[in-house]
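Student: Please read through the structure below; I'll follow up with questions.
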Amino acid sequence: GAGVSQSPRYKVAKRGQDVALRCDPISGHVSLFWYQQALGQGPEFLTYFQNEAQLDKSGLPSDRFFAERPEGSVSTLKIQRTQQEDSAVYLCASSLAGTRTYNEQFFGPGTRLTVL
Amino acid sequence: AQSVTQLGSHVSVSEGALVLLRCNYSSSVPPYLFWYVQYPNQGLQLLLKYTTGATLVKGINGFEAEFKKSETSFHLTKPSAHMSDAAEYFCAVSGPNSGYALNFGKGTSLLVTP
């Protein structure tokens, strides 16, 4: 595809359920970023990858959050035992270069997670 | 650590009036600064960016911003507002120390009235 895609676009989970959110970056993009955007707030950094290596996960809010990118392309953000405070839009972005040089990040449309 | 502060969570202007959205940054290293726009139920779109070089940067849709190191500011302006400019605007900062991950402000909602 031409841009970053994310699936599902909307997800409703009952509190305590596990969820998995998928990000397909632009083909050939080396870097991949995840952000969390709560209602009425700016996006907040969660984690980023350079190829399959997770270089920074300092933004993950708890050990219930886990991200992977095993083949250096598609990435999955998993949230275990979801809580109501996890309700947010989860944004994925990719950029062409590695994280040692600046390249524009291209954002996907996001996955809106609602935890009931 | 790097951060940005956007002054004013809501700004209202008349169509044709000047748009001014304020952003101040904090950074211990030379910052990379950005403005993004988000329309309802859509993804983030880059309006403009400052990395190095000329401090006045022009972006899409007639927007521009000026990097002022002495004031630690990167305010966004547009001479004449259009109805289609109504959206949420986010200022962001990044740099090599964070792998170029973006640190966003809380956003400013721009309302344009006829």
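Student: Going by the conditions given, is B:Gly105 out of contact with any Leu (no Cβ under 8 Å at 6 or more places or on another chain), of a type outside the set (Ser, Thr, Tyr) and within 11 Å of chain A (Cβ to nearest Cβ)?
Tutor: Taking the combined requirement at face value, the residue satisfies it.
Student: Kindly indicate whether B:Ala92 is assigned to a loop (DSSP other than H, G, I, E, B) and either in contact with a strand residue (DSSP E or B) (Cβ under 9 Å, 6 or more places away or on another chain) or touching a residue at least 60 places away in the same chain (Cβ under 8 Å) (or both).
Tutor: Criteria not met by B:Ala92.
Student: Regarding the stretch B:15-26, can at least one residue be identified that is among the hydrophobic types (A, V, I, L, M, F, W, C), open to solvent by 20 Å² or more (accessible area, probe 1.4 Å) and not in a loop (DSSP other than H, G, I, E, B)?
Tutor: Yes, the stretch B:15-26 has at least one match.
Student: Looking at the stretch B:48-55, can you tell me whether even one residue there is within 12 Å of chain A (Cβ to nearest Cβ), on the phi > 0 side of the Ramachandran plot, open to solvent by 50 Å² or more (accessible area, probe 1.4 Å) and modelled with pLDDT under 95?
Tutor: No, that holds for no residue.
Student: Let me ask you something else. Scanning for something assigned to a strand (DSSP E or B) and within 14 Å of chain B (Cβ to nearest Cβ), does the stretch A:8-17 turn up at least one residue?
Tutor: yes
Student: Quick check, is B:Pro40 within 14 Å of another protein chain (Cβ to nearest Cβ), in contact with a Ser or Thr (Cβ under 8 Å, 6 or more places away or on another chain) and not in a strand (DSSP E or B)?
Tutor: Criteria not met by B:Pro40.
The values are calculated or read from the model by the stated rules, or taken from the named source; none is laboratory data. Note that the structure is a prediction, hence the values are computed from the model and not measured. Please note: Cβ atoms are built from the backbone with ideal geometry, for glycine as well, and neighbour counts cover all protein chains shown. Heavy atoms of the whole protein, side chains included, go into the accessibility calculation; ligands, DNA and RNA do not. Shrake-Rupley method; radii C 1.70, N 1.55, O 1.52, S 1.80 Å.
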